[in-house]
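The values are calculated or read from the model by the stated rules, or taken from the named source; none is laboratory data. The structure displayed is predicted, hence computed values, not measured ones. Quick reminder, even Gly has a Cβ in these numbers, built from the backbone with ideal geometry, and neighbours come from all protein chains shown.
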Amino acid sequence: MTEVINLSAQDDTSGRTETKMKWKICKSLKKADRIGDDHLPDDVGISQLRLDRHKTGALNLDPKMLKSSFHRKKFELKKKLIEEGIEKNARAEILNVEAEGFLETEDGECSYNIRQEEIVQNVDVASAAKSFGISLPQFGPYRIDYSTNGRFLAMGGRKGHVAALDWQTKQLLFETNVLEKVNDVQFLHTESMIAVAQKNYSYIYDNTGTELHCLKNLFGVERLAFLPHHFLLVGSTKKSYLHWLDVSVGKIITSTITRSGPLEVMTTNPANAIIHTGHHNGAISLWSPNVKEPLVRLLAHHSSLKGIAVDSSGKYMYTTAVDQKLRVWDLRSHRQLYSYSLPHGLNEVSISQKGLVACGIGNSVQILKDVTNGMCTQPYLVNKPGGTISNLEFVPFEDVLGVGHGGGFASLLIPGAGEANVDALRNNPYETSNQRKEREVKQLLDKISPELISLDPNEINRVNTDALEEEIEKKKSILWVKDAAIEFTPRHKMRGRGGGVDGAKVKQIVKGEDRFKKNKERGQVHIGVFGTKVIEGQSKNVLNRFKKNK
């Protein structure tokens, strides 16, 4: 059975007053009318300090110095794009929400009483994993080095143990024993190549432990340093020699004898690639591969130097010596700013990206804060890793200090030590293998010539106008100065083997070859100086003056 249901609709609006909706028409205001009431304007001003931090010196170049109008307009457009890029980079810093933070204590409590175990217990799991130790007392003391992006660690024990690893994931790249004394280890432009200064020669290994090169020119090296923008491996020897080796071509660029005894203390100024060496008489010397004498030589201490460190800006230098003094120097005026007295046994020193100074004192490490300002009255942190300190290195972009000591290696958490925001265009800790290969190619293309290493880092942006004018005048002199007479006497031969006619022919041939070379050189100078092979107004042939002008 199917049931049928009938439905009827009723009008509920009967007897009611119908309400009509009224729509208000709003006219859009112009942008000029809104600016006065807008508390968030479209264009936010950027401080000049932020803009100066991203400038590279390209804006100082004048387009009017170019010859043709086409290249002037092209360079003006490129200069405008560079200026816009600087402004965008400075504006993008607003998005850098990460900020460095130091340990803050309550009133009456000292931060140096806080132990490493307490810091590890109160941080996140990822940060706690960065604090660890490697016990290898049978191979120590150890020298260490971190890659430029701070991701990889190289270790070298005095008794021959050499290893490399990804210290964050604890993945071992290779481990070997070279069966002889190891003085120092150093990463090259990538983490796939490691230089090791051994007892006699220096060697280069890849990230699998395979020996790539034996550098017999670097004999008896005590300390190694690498200049990434110049591809130069610098070695200081026990016989007072400094060697600069170009790893891109495998040749020694220059070698300099310092005549200052064994060079066991050496560091690099990252701002201008100048080498700083410390000597047993308390003096410090600054070296460039272009000069055989030290650029600057100053008496820093009255006893033997133990450690030198230069900050990333290249303005301040920190030195330690046997006299238990930590001295701060201004490299712009080469004068001492402050001096601090530390306990006996002061040896190594290292500087972090945020200005924290780590000093090795016997078997303990003291971290100092506000050293450059002269406001340091007590240590920031103190730690005993478990052996006599032999090397200190802060990890780039991390609040971590690597300590090489007599019993192995220790990684310590130092809050506020590293830069919080990573510039992945320069150093990318998370780069893939393809990105690493591309970066290596770009570094080779952007390689800076060793002749440009000087005390002033801004000199690379300037044009040496005096030398340029001197070269132009020298080229012009080739056009106007008369060629010197060729003095050539044919070789005397035995009787019957050539007479005077043959000798005259040989003489004419030699003169013709020399005349051809000089004419070719003169033609190249014409093109370089005047843009044409023939100077305007000068005839090729003497008889051309009698020709009618068309």
Residues of the stretch 89-125 satisfying the condition of being at pLDDT 85 or above and in a helix (DSSP H, G or I): S111, Y112, N113, Q116, E117, E118, I119, V120, Q121, V125
Sole exception among (1) within 30 Å of N281 (Cα to Cα); (2) crowded, with 19+ Cβ neighbours inside 10 Å; (3) touching an Asp or Glu at 6+ places or on another chain (Cβ under 7 Å); (4) in contact (Cβ under 8 Å) with a residue 40 or more places away in the chain for H189, by number: (1)
Residues of the stretch 237-288 that turn out to be of a type in the set (D, E, K, R) and on the phi > 0 side of the Ramachandran plot, as a count: 1
Residue count, the stretch 385-416 (criterion: in contact with a Gly (Cβ under 9 Å, 6 or more places away or on another chain) and either part of a loop (DSSP other than H, G, I, E, B) or of a type in the set (D, E) (or both)): 14
Subset of the stretch 291-307 [basic (K, R) and either in a loop (DSSP other than H, G, I, E, B) or outside the structural domain of G278 (by TED's automatic domain parsing) (or both)]: K292
Selection status of G156, crowded, with 19+ Cβ neighbours inside 10 Å, in contact (Cβ under 8 Å) with a residue 12 or more places away in the chain, in the same structural domain as E398 (by TED's automatic domain parsing) and farther than 25 Å from A420 by Cα: yes
Options V400, V422: the member that is in the same structural domain as V185 (by TED's automatic domain parsing) and either at positive phi or in contact with a strand residue (DSSP E or B) (Cβ under 9 Å, 6 or more places away or on another chain) (or both): V400
Criterion violated by S333 - all others in (1) buried (at least 16 other Cβ atoms within 10 Å of the Cβ); (2) more than 24 Å from D145 (Cα to Cα) satisfied: (1)
Residue match in the stretch 425-433 (condition: among the hydrophobic types (A, V, I, L, M, F, W, C) and in a helix (DSSP H, G or I)): no
All positions within the stretch 244-278 that are of a type outside the set (A, V, I, L, M, F, W, C) and under 17 Å from the mean Cα position of the chain (by Cα): D246, S248, T267, T268, N269, P270, N272, H276
Unmet requirement for E222, which otherwise passes all of (1) assigned to a strand (DSSP E or B); (2) in contact with a Pro (Cβ under 9 Å, 6 or more places away or on another chain); (3) closer than 26 Å to L452 by Cβ: (3)
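So that you can scan it fast, the table gives a plain yes or no per residue for (1) out of contact with any strand residue (DSSP E or B) (no Cβ under 8 Å at 6 or more places or on another chain); (2) of a type in the set (G, A, S); (3) modelled with pLDDT of 95 or more; (4) assigned to a loop (DSSP other than H, G, I, E, B):
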residue: A273; (1), (2), (3), (4): no, yes, no, yes
residue: A309; (1), (2), (3), (4): no, yes, yes, no
residue: S313; (1), (2), (3), (4): yes, yes, no, yes
residue: T319; (1), (2), (3), (4): no, no, yes, no
residue: P343; (1), (2), (3), (4): no, no, no, yes
residue: N347; (1), (2), (3), (4): no, no, no, no
residue: Q353; (1), (2), (3), (4): no, no, no, yes
residue: V371; (1), (2), (3), (4): no, no, no, yes
Residue count, the stretch 400-435 (criterion: among the small types (G, A, S) and either within 18 Å of the chain's Cα centre (by Cα) or exposed (fewer than 15 other Cβ atoms within 10 Å of the Cβ) (or both)): 3
Test: Q353 is more than 19 Å from G278 (Cα to Cα) and either polar (S, T, N, Q) or surrounded by 19 or more Cβ atoms within 10 Å (Cβ to Cβ) (or both): yes
The stretch 247-271, residues that are part of a strand (DSSP E or B), of a type outside the set (A, V, I, L, M, F, W, C) and either surrounded by fewer than 18 Cβ atoms within 10 Å (Cβ to Cβ) or without any contact (Cβ under 8 Å) to a residue 40 or more places away in the chain (or both): K251, T254, S255, T256
All positions within the stretch 272-287 that are more than 17 Å from Q336 (Cβ to Cβ) and crowded, with 18+ Cβ neighbours inside 10 Å: N272, A273, I274, I275, T277, H279, W287
Failed item, numbered, when E438 is tested on (1) surrounded by 10 or more Cβ atoms within 10 Å (Cβ to Cβ); (2) under 30 Å from K315 (Cβ atoms); (3) at pLDDT 90 or above: (2)
Test: residue in the stretch 82-89 that is surrounded by 10 or more Cβ atoms within 10 Å (Cβ to Cβ) and in contact (Cβ under 8 Å) with a residue 60 or more places away in the chain: no
Any hit, the stretch 277-294, residues being among the basic types (K, R), at pLDDT below 95 and within 23 Å of E459 (Cα to Cα): yes
Yes/no for A154 being at pLDDT 95 or above and at negative phi: yes
Candidates Y205, Y201, Y241 - the one that is under 26 Å from I453 (Cα atoms) and out of contact with any helix residue (DSSP H, G or I) (no Cβ under 7 Å at 6 or more places or on another chain): Y241
